[in-house]
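These notes are about the structure you will find just below.
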Amino acid sequence: MKPKIVFVINYFYPDYASTGQLLTELCLHIQHDFQITVIAAQPEEALMRDHTKKRFMHDKLENIDIIRIRLPKQNKRNKWSRLRYIAAYFFYANLSVLKQKDIQILYTISTPPILGGLIGSIGKFFKRAKHIYNIQDFNPEQAEAVSYMKYKSLYRVARWLDTINCKYADHIITVGHDMQETLYKRFANQAITDSTVINNWTDEQEIVPLTKDHPKVHEFIKCNGWENKFIVMYSGNMGLYYDLENLIKIAEDLSNYDDIVFAFIGDGAVKSEMETYVRQNQLSNVFFLPFQPKAEIKYTLNAADVHLVVNQKGIKGVSVPSKIYGVMAAGKPILGVLEKGSEACLLIEHSGCGIVAEPQNYSVIVEELKSLYELDRNLLTSKGIQGREYLERHLRKEQSLDKYRTLLISI
């Protein structure tokens, strides 16, 4: 009989938030080695169609059993709404875990912050299972970097609690080498829980380099009025940890370049603030689009001349922007606004696929963007292709999935 592994992950198929897509692909990859149950939040689209009001819904994806939790709708721009959603998820996810039988491995991620790890600790204690803790973001370090709360004592308590989660876990997986250094600091040179670095990924067979002449890419560009423009694109979450509310201001510094446009694709907590800035300053070179359908992403990514891959100051060793893998797969050059030595910064430097500037150094960011704009177009294209070639050698989807499979089987 196959060992049973229970994944507690708030996003899962058909929800294509970054971790949802990654964990869906992981579960599909190992479904013949394990009996898998996934505990996840009910996607918002499904909530609108579901009139039964049941708290738990049972679903199936190939050989994977899914328990979907009905949760209150959250407004990501409202702290109290987010806290209510997180509290409900924490309570009902724990309840679902405790109802499970014969769990060999309990796999949780660092979302919601702190509580994802705590679900694993509680489940390990009561179900006598092994706990794998996948840290996608370190908190409270991430919240602290953007001063999310003003009470420093809360950060200390949260860090203490999550360090206990780390110590009690049987194995920790981080998604960047700089994050591994943060983990070592957490343990302060004491005996550390077994840990592994496994990079996140994109489907490099699905996302491939395409020219602007490709019919679907050209159609996207034409529909948005960007023909004959130098397109600087940010595609992804417009959340609190990217300094986008300040980076948007570089568009005003470059507004005298008639052929440069900025395209921000996605949604998040600071999007409305960015839109207000553009409206108040009457910037005609900035465009906002919603998240694009998954099937269209390979075309929208290829519409850009340069992609922005950014993090807020203080995020080094705390989080890795997963969007970098999609951009590298598309073979597009990158302007990284990243701290020196961070995982994404090292990927850009080692592959030669772009230029990196330090966060909050806005005048340098503008100059670096100008240098990419003024670069010979063939040289700019070759930079992007270097990123694709590096990804094919070191960061293929199958490589990361096989590392997970080998690790989980060994545990």
Inset, instruction - Starting at the first residue of region 159-168, write each ³J(HN,Hα) from the Karplus equation 6.51 cos²θ - 1.76 cosθ + 1.60 with θ = phi - 60°, in whole Hz, x for Gly and Pro. - result: 5, 4, 5, 6, 5, 4, 4, 5, 5, 7
Legend entry - Separation of the S284 and D259 label points, Cα + 7 Å toward Cβ, nm: 1.8
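Would you mind giving the average projected area, over all directions, of the Cα convex hull of the chain in nm² with one decimal? Can you show the working numbers first?
On the way: hull surface 81.3 nm².
Quarter of the Cα hull surface area: 20.3 nm².
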Inset, instruction - Choose one answer from A93, A191, A329: the residue with the largest mean-square fluctuation in a GNM of the chain with alpha-carbon springs under 10 Å. - result: A191
Inset, instruction - Report, in deg cm²/dmol and to the nearest 500, the calculated mean residue ellipticity at 222 nm for the chain, where each DSSP H run with n ≥ 4 adds -39500 (n - 2.57) and the sum is divided by the residue count. - result: -13000 deg cm²/dmol
Inset, instruction - Provide the solvent-accessible area of L98, counting protein heavy atoms only and rolling a 1.4 Å probe, rounded to the nearest 10 Å². - result: 80
Inset, instruction - Please give the residues of region 240-273, grouped as numeric ranges, whose backbone N is less than 18 Å from a label point set 7 Å along the Cα-to-Cβ vector of S81. - result: 240-241, 266-273
Legend entry - From phi via Karplus (6.51, -1.76, 1.60), per-residue ³J(HN,Hα) for region 301-306 in Hz, x at Gly/Pro: 4, 7, 6, 7, 8, 9
Inset, instruction - Keeping all protein chains in position, work out how much accessible area D259 exposes to a 1.4 Å probe, and write it in Å² to the nearest 10. - result: 50
Inset, instruction - Quick one: angle between helix 397-410 and the longest Cα principal axis of the chain, in degrees between 0 and 90, rounded to 10, please. - result: 20
Inset, instruction - Would you grab the residues whose amide H sits under 5 Å from the one on L289? Only those 5+ places off in sequence or on another chain, please, with H modelled 1.01 Å from N. - result: F264, I265, G266
Inset, instruction - Just the number, please: carbon plus sulfur as a percent of the accessible area of the chain, 1.4 Å probe, no ligands or DNA/RNA counted. - result: 52
Inset, instruction - Take the alpha-carbon centre of region 210-269, take the same for region 354-373, and report the distance between them in whole Å. - result: 16
Inset, instruction - Taking only Cα atoms and a 10 Å spring cutoff, compute GNM fluctuations for the chain and point out the largest among C223, C27, C166. - result: C223
Legend entry - Protection-proxy order for peptides 338-344, 371-377, each taking the mean of Cβ atoms within 10 Å per residue, highest first: 338-344, 371-377
Inset, instruction - Mind giving me the FRET efficiency for L161 and H29? R0 is 41 Å, r the Cβ-Cβ distance, nearest 0.05 is fine. - result: 0.80
Legend entry - Max mean-square fluctuation residue, GNM over the chain, Cα-Cα springs under 10 Å, options P72, P321, P209: P72
Legend entry - Distant alpha-carbon pairs in region 27-133 (separation over 16 angstrom), percent: 62
Inset, instruction - Give the long-range amide H neighbours of Q35: residues separated by 5 or more places, or on another chain, with amide H under 5 Å away, using H modelled in the peptide plane at 1.01 Å from N. - result: K4, I5
Legend entry - Largest-first ordering by accessible area, 1.4 Å probe, given options L118, L95: L95, L118
Inset, instruction - Collect residues whose amide H, placed 1.01 Å from N in the peptide plane, falls under 5 Å from the amide H of S195; neighbours closer than 5 in sequence don't count. - result: I172
Inset, instruction - Please give the helix 271-280 orientation as an angle from the longest Cα principal axis of the chain, in degrees from 0 to 90, rounded to the nearest 10. - result: 20
Inset, instruction - May I ask for the Kirkwood hydrodynamic radius of region 215-394, worked out over all distinct Cα pairs and given in angstroms to one decimal? - result: 16.3
Inset, instruction - Pop out the ³J(HN,Hα) list for region 118-123 in order, Karplus 6.51 cos²θ - 1.76 cosθ + 1.60 with θ = phi - 60°, rounded to Hz; leave Gly and Pro as x. - result: 5, 4, x, 5, 5, x
Inset, instruction - Would you tell me the accessible area of S255, worked out with a 1.4 angstrom probe on the heavy atoms of the protein chains, in Å² to the nearest 10? - result: 60
Inset, instruction - Can you tell me the 0 to 90 degree angle between the C-alpha axis of helix 79-99 and the longest principal axis of the chain, rounded to 10? - result: 40
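The values are calculated or read from the model by the stated rules, or taken from the named source; none is laboratory data. Keep in mind it's a predicted model, so treat the numbers as computed, not measured. Cβ sites come from the backbone with ideal geometry, for glycine too, and all protein chains shown count toward neighbours. Accessible surface areas use protein heavy atoms only, side chains included; no ligands, DNA or RNA. Shrake-Rupley method; radii C 1.70, N 1.55, O 1.52, S 1.80 Å.
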